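Here the structure is laid out as structure tokens; the discussion comes afterwards.
The values are calculated or read from the model by the stated rules, or taken from the named source; none is laboratory data. Note that the structure is predicted; figures quoted are calculated from it, not measured. Neighbour counts run over all protein chains shown; Cβ positions are idealised from the backbone, glycine included. Protein only, heavy atoms only, side chains kept; ligands, DNA and RNA dropped before computing areas. Shrake-Rupley method; radii C 1.70, N 1.55, O 1.52, S 1.80 Å.
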Amino acid sequence: MTTLGWRSGLQAWIAALTLALAAPLAATAEVNNPGLLVHAADDEPTTLDPAQVEPGEGGETVILQVYDRLLDVGPASPDLIPSLAAVVPSLENGGISGDGMTYTFKLREGVTFHDGTAFTADDVKFSWDRAMTMDLPEGNAGALSDVVASTEAVDDMTFRATLSEPSASFLNSTVVAMVASIVSQDAVEANGGVEAGVPNAFMAGNMVGTGPYKFVAWNRNENIQLEVNDDYWGENAKLDVRIEIGGDPDVRVLGLRAGEFDTIETDPSFIADLEGADGVTIFTGGLLLEPLHIGFNLNIPEGALPSEDTIPVDFFHDPRIRQAFNHAFDYEAFLNGPLAGYGAFNPHYTPIGIFGHDQNAPVYSSQNYAEAERLFREAGVWDEGFSVSVITEEGNLFALMCLVLKDSIERLNPKFRINVLAVAESVFDDAHAQNPLEYAMWAKNADPAADPNFYMQAYQHPDGEWGVVHGFANGYRDAEKVASLIDQAAVELDPARRATLYSELQAMLYDDPMWLIGAQEGIVMAHRDWLKGFATQPLWPRPSLKFALFDK
Amino acid sequence: MQLRDYILRRLMVLPVLIIGVSIVVFTLTRVGGSPIGIYLSHEMTPDEVAEIEARFNLDKPVWVQYLYWIRGIAMGDFGWSGVAAAPVADVFPLKLAATMELALASGLVALLLGIALGTYAGARRNRLPDHVTRIVAVSGASLPQFWFGILLLIIFWAQIGIAPIGRSDATIFASIAHPTGLYTVDAILAGSPAAFWDAIWHLVLPSVTLGYGATAIIARMMRSALVEELQQDYVDAARAKGLAERIVLKRHARRNALVPTVTVIGLTFGFLLQGTITVEIIFRWPGLGRWMADSVLRGDQATLMTYVLFTSVLFLVVNLIVDLVYANLDRRVTLGK
């Protein structure tokens with residue numbers, strides 16, 4: 001199934017028509033919707049509750065604006081800055097204990113929630129405990145519960161977290177995560193309280209935080225409205241916000257050209273429709289922390305593969321085959337085609353832009369058919385050939401990445417066959433959640449994170465999330481060493497030694513890849529010229545924008 | 001059989017039919033696979049998936065799931081819409097009202113324009129106005145809605161900037177109560193001219209887009225019927241009596257030509273409801289069509305089952321009413337045989 005669906009056809013028609021007729025759109029001299037930021041989003045949130053939201057999901061965009069966390073990251077650098085905590089804890093200021101097990105946060109004074117109640121350490125303890133108690137499967141409570149052993153409100157303005165083991169990524173990964181957002185204890189307890197394993201319906205559709213924006217309304221399938229919090233503890237936001245939800249991506253492009261939208265969410269394939277448009281600025285800079293990858297399954301049950309697949313279940317146990325796939329992929333075609341040139345190639349598995357990325361690490365970044373052929377021959381599959389399926393969602397970059405793979409592999413040897421199964425998102429999610437997985441390959445993107453430990457644990461560790469499902473232990477040349485290096489790096493508090501461990505891992509994983517990383521997608525945004533203060537930060541949830549920074 | 005007995009018998013059969021329909025709807029939907037996918041996140045572990053299955057009773061045998069579904073419906077719980085991120089029962093009335101308002105407005109556009117154009121053309125058969133009207137009508141029937149819609153958007157929204165997109169201005173919409181869900185009606189009930197104007201103004205482009213296709217059908221039908229009526233003897237008689245041509249046309253020929261046209265108008269309402277899917281996507285109209293399209297694409301079975309069940313029950317009820325009306329209007333129809 002290689003069709004990308006009816007939407008692609010519709011979009012092609014609309015794009016052609018738009019280009020033909022909208023070209024003469026003139027720049028509007030005056031600012032549209034003064035005092036209001038209109039952001040056109042591509043997704044409806046599934047929840048607005050920090051304890052329920054999935055990383056990378058549309059709800060995180062709104063949570064980022066309405067709730068605060070103890071620490072934050074500014075637009076200019078990945079360095080942590082204080083938010084509801086008055087200072088960033090460190091060994092030097094005594095915020096981190098010598099053994100790395102206890103973190104003490106002095107809290108900011110005089111902060112109030114949007115419901116008028118005062119912010120105290122009890123709210124922090126309540127918010128973190130709440131997420132861990134609810135422990136919703138769709139949420140990200142594990143980011144807290146995997147590291148935090150206990151929480152304590154030492155006094156009204158001091159909060160302490162004790163970890164279950166030292167964690168080098170606690171501040172960067174856990175404290176800034178959306179699940180660690182601070183909610184109003186009074187608001188939650190007045191509206192359903194906390195129940196283990198059960199979502200809170202009020203919090204899923206309402207928000208009571210301390211952030212620069214107050215929640216006003218969520219009209220399903222239509223818009224979300226936020227208003228400036230005039231009592232914000234920091235610098236006040238300048239513009240109210242209306243997030244327009246969903247709709248056709250071409251209409252979003254048209255709306256930006258017309259000045260009806262100030263910012264839009266789109267992907268690089270639409271940028272050509274905006275290049276040269278009057279009054280529109282295309283912002284490029286930085287990379288999303290969500291590498292686009294294709295997973296190799298080393299844990300395929302007998303008889304489970306689609307009938308057209310001819311590979312044995314231990315096909316990907318051989319590292320030469322995984323290397324050959326990585327060498328055969330046409331990286332330039334993917335980067336310059338679907339990604340319109342906006343992206344880069346990152347080593348396994350450390351995205352560019354986070355701590356631990358080694359600029360000198362070997363990277364699969366260009367097609368090498370000679371090496372791919374050599375490896376396929378050595379592995380003994382060249383003469384006989386094979387047929388293997390890759391499952392993905394239809395109508396997006398993942399499906400296009402699979403088509404590039406298909407083209408790359410089938411051109412290398414006509415006896416090789418890649419079947420791209422592009423299915424509806426729900427069908428993919430269902431298949432993707434199975435253990436064992438009944439497909440030899442699947443394509444998607446990584447979840448974003450601020451620390452390399454997340455990627456290494458989730459995507460490389462033989463006992464990690466995907467390591468278990470994919471059976472990495474069946475295929476690593478030295479699984480124990482990979483596990484040992486990842487575990488050491490996770491608790492290494494000395495940055496230099498930690499970076500060295502990640503460098504070693506990146507070199508090892510180049511020779512023993514468990515993924516094919518198509519590219520790390522570039523950040524490409526488009527906004528009206530009249531929007532001032534535009535900035536992005538890939539460590540913020542997609543689309544990596546803080547509306548409070550903007551003015552017009 | 002007495003009318004009262006007939007009604008009672010049909011009403012007694014109705015619940016059985018509805019249960020039958022519900023079984024068919026449930027079974028057909030499940031043929032496509034489990035509804036679990038819409039509730040899953042991308043990186044869930046099998047244990048987490050099992051938790052979600054338990055939350056929605058999807059870990060039970062299929063027939064038990066059906067009973068849970070039916071019990072939920074009896075209690076007004078139609079399940080959780082993964083697309084709308086809300087209970088289906090909360091969202092459905094709002095979306096239905098938005099779509100009905102769009103379909104009714106489009107129907108009004110089609111009715112007024114169709115009858116006017118058909119009359120104008122029919123009265124000027126084979127002359128220039130007839131040819132022009134024919135071109136307009138054929139265009140309406142043949143232009144793809146998404147193409148026509150985006151064309152109107154580019155011209156009136158993006159270039160000239162006089163027409164809005166969406167259903168309402170968010171601030172004005174929030175300023176009034178919405179007891180009926182029909183924005184125009186709610187605006188009248190609230191006595192808010194600003195809201196009423198906002199509702200009408202937002203309806204213009206989508207209802208013209210949607211109504212244009214139906215306009216063509218009605219206009220062609222009206223023209224043909226009028227041409228036929230104008231050749232009848234009673235029209236000659238009216239002219240012979242010395243009546244003005246305007247009166248012959250409006251009071252005699254057009255009135256009779258409306259009879260077959262009205263039948264077509266009834267049928268076009270179904271066409272309009274179908275067309276809302278494309279128009280709602282293009283114009284960001286928050287109605288049932290856009291919701292259903294997203295639900296089909298994302299496998300939101302709770303929403304789809306509610307929609308199919310709703311339309312099936314509506315069909316059963318409307319059929320019952322039509323039978324009763326027929327029996328009442330035409331005494332040759334015998335009830336219950």
The condition of being under 22 Å from A:Asp248 (Cβ atoms) and either crowded, with 22+ Cβ neighbours inside 10 Å or assigned by TED's automatic domain parsing to the domain that holds B:Ala116 (or both) holds, among B:Ala219, B:Ala214, B:Ala163, only for B:Ala163
Task: Verdict on A:Tyr232 being open to solvent by 10 Å² or more (accessible area, probe 1.4 Å) and touching a residue at least 12 places away in the same chain (Cβ under 8 Å) - done: yes
- B:Gly299 being of a type in the set (Gly, Ala, Ser), over 30 Å from A:Arg220 (Cα atoms) and modelled with pLDDT under 85: no
Of the residues in segment A:131-168 that are within 24 Å of A:Asp99 (Cβ to Cβ) and of a type in the set (Asp, Glu), the one that is surrounded by the fewest Cβ atoms within 10 Å (Cβ to Cβ) is A:Asp155
Out of (1) buried (at least 18 other Cβ atoms within 10 Å of the Cβ); (2) more than 14 Å from chain B (Cβ to nearest Cβ); (3) of a type outside the set (Val, Ile, Thr); (4) assigned to a loop (DSSP other than H, G, I, E, B), the one A:Leu493 does not meet is (1)
Going through segment A:89-108 in order, the residues found to be open to solvent by less than 40 Å² (accessible area, probe 1.4 Å) and touching a strand residue (DSSP E or B) at 6+ places or on another chain (Cβ under 7 Å) are A:Pro89, A:Ser90, A:Gly95, A:Ile96, A:Thr102, A:Tyr103, A:Thr104, A:Phe105, A:Leu107
Here the residues within segment B:141-175 that are facing another protein chain (nearest Cβ under 8 Å) and either of a type in the set (A, V, I, L, M) or at positive phi (or both) are B:Ile150, B:Leu151, B:Leu153, B:Ile154, B:Ile155, B:Ala158, B:Gly161, B:Ile165, B:Gly166, B:Ala170, B:Ala174
Counting only residues that are open to solvent by 20 Å² or more (accessible area, probe 1.4 Å) and either outside the structural domain of B:Asn256 (by TED's automatic domain parsing) or in contact with a helix residue (DSSP H, G or I) (Cβ under 7 Å, 6 or more places away or on another chain) (or both), segment B:108-133 contains a total of 10
Those residues of segment A:523-540 that are of a type outside the set (Phe, Trp, Tyr), touching a helix residue (DSSP H, G or I) at 6+ places or on another chain (Cβ under 8 Å) and modelled with pLDDT of 90 or more come to a total of 5
Across segment A:308-328, the tally of residues that are out of contact with any strand residue (DSSP E or B) (no Cβ under 6 Å at 6 or more places or on another chain) and of a type outside the set (A, V, I, L, M) stands at 9
Exception for B:Val325 within (1) touching a helix residue (DSSP H, G or I) at 6+ places or on another chain (Cβ under 8 Å); (2) of a type outside the set (Asp, Glu); (3) more than 11 Å from every other protein chain (Cβ to nearest Cβ); (4) open to solvent by 10 Å² or more (accessible area, probe 1.4 Å) falls at (1)
Filtering segment A:105-128 down to residues that are without any contact (Cβ under 8 Å) to a residue 40 or more places away in the chain and closer than 27 Å to A:Gly197 by Cβ yields A:Ala121, A:Lys125
By my count, helices (runs of 4 or more DSSP H) wholly in segment B:1-117 with at least 2 residues that are within 14 Å of chain A (Cβ to nearest Cβ) and within 30 Å of A:Val53 (Cβ to Cβ) are B:3-31, B:46-55
Restricting attention to segment B:179-197, the residues that are within 14 Å of chain A (Cβ to nearest Cβ) and either hydroxyl-bearing (Ser, Thr, Tyr) or more than 15 Å from B:Met100 (Cα to Cα) (or both) number exactly 1
Checklist entry - Just a yes or no: is a residue in segment A:424-443 open to solvent by less than 10 Å² (accessible area, probe 1.4 Å), of a type outside the set (D, E, K, R), within 14 Å of chain B (Cβ to nearest Cβ) and more than 19 Å from A:Pro291 (Cα to Cα)? => result yes
